[in-house]
1. Among what's in segment 340-370 and is touching a residue at least 40 places away in the same chain (Cβ under 8 Å) and surrounded by fewer than 22 Cβ atoms within 10 Å (Cβ to Cβ), pick the residue that is nearest to residue 179 (Cα to Cα).
2. Are there strands (runs of 3 or more DSSP E) fully within segment 182-240 with at least 1 residues that are in contact (Cβ under 8 Å) with a residue 12 or more places away in the chain and surrounded by fewer than 21 Cβ atoms within 10 Å (Cβ to Cβ)? List them.
3. Considering only segment 349-370, how many residues are more than 10 Å from residue 173 (Cβ to Cβ) and at pLDDT below 95?
4. For residue 283, work out the one condition from (1) buried (at least 16 other Cβ atoms within 10 Å of the Cβ); (2) farther than 17 Å from residue 335 by Cα; (3) at pLDDT 95 or above it doesn't fulfil.
5. Return the only residue of 36, 139, 112 being at positive phi and under 18 Å from the mean Cα position of the chain (by Cα).
6. I'd like to check which helices (runs of 4 or more DSSP H) are fully inside segment 279-384 and have at least 3 residues that are outside the structural domain of residue 46 (by TED's automatic domain parsing) and out of contact with any helix residue (DSSP H, G or I) (no Cβ under 6 Å at 6 or more places or on another chain).
7. Which residues, counting only those in segment 241-259, are surrounded by 16 or more Cβ atoms within 10 Å (Cβ to Cβ) and either part of a loop (DSSP other than H, G, I, E, B) or touching a strand residue (DSSP E or B) at 6+ places or on another chain (Cβ under 8 Å) (or both)?
């Protein structure tokens, strides 16, 4: 038990599952607080497996392969996370036929997973957790479905409540979290909060006016910024994932200096809206390379520099305008692309120079990319509010937007 804001709160444990794209992740979090303000989280177990090497030959995430790998890896990762949390104990369970049938029905669209799942859960003691949290969207829908159905099956097998988490909210909460004495501390930031979500599957601007109350004010009309990074990298003959490769070449060009021989557009930078479009920027790179078919390695560095500068200028311009319009006191930049060195540098410099009263929050790299810890953080808050998903009707939604948690069939 723990004392928080004058209330005696029970320490709770959340098992979290993330399968929105090409990372399969399972985590176990011990959670306390969150009523009124601060909550403290201890990561008891954390297992993650990236599929990057498998998707490299395709130059991007291949949905059918991602789905297959999630189904193959979820049970081993569950056992790994529980083992690290010292919750994996052998105990043969006699399973009621109705429970067996319900699990089989929950996993009917995941070929091969049912047998592995039943073999595992029937030989383990039900772990001491209070709820299961799972990413319901957005993301690659085939990948999301594996995690959702796996979580539904666990909830049935263990008779635990199920919490559906919006992937975007997970990224926002992970940016707010601070490391303290080996734990993660989440304190309410100054509001309004503006969140820029930048990743392979989304580019969004979201406002939090009240704690955990969101309004989406802008998004991408076509390609996300992360998708544009990957596609431009592929045009330049760089391996997947493209973001780090573009960043590496661009940094070399910055250190080299000199005039950049290439110019690219800054799409929608003066549109007067909070929306983004990166398809035209990607196409501009394609035309540039067609005009320069024998491009040298040095010129590739300058193309990468100009592309990264263009994307960063658009991201900052839209964010700067939204900061002024919303009067935000906190800016969160989250998602996989927030790990980009140049984007971090520009946002840090611009906030310091132009918005000194705004607090900038960017997650550490280990929480910037997709992970189950962030799903557990967000899931805990919905658990406290009693916002549980219907195990029978919960569905994955690849296009889920904030403030929505999930949709049902």
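1. 364
2. 183-186, 203-210, 213-219
3. The total comes to 6.
4. Going through the list (1) buried (at least 16 other Cβ atoms within 10 Å of the Cβ); (2) farther than 17 Å from residue 335 by Cα; (3) at pLDDT 95 or above, residue 283 breaks only (1).
5. From the options 36, 139, 112, the qualifying one is 139.
6. Of the helices (runs of 4 or more DSSP H) lying wholly inside segment 279-384, those with at least 3 residues that are outside the structural domain of residue 46 (by TED's automatic domain parsing) and out of contact with any helix residue (DSSP H, G or I) (no Cβ under 6 Å at 6 or more places or on another chain) span 279-291, 297-326, 341-354.
7. The answer is 241, and nothing else.
The values are calculated or read from the model by the stated rules, or taken from the named source; none is laboratory data. Given the structure is predicted, the values throughout are model-derived calculations rather than measurements. Please note: Cβ atoms are built from the backbone with ideal geometry, for glycine as well, and neighbour counts cover all protein chains shown.
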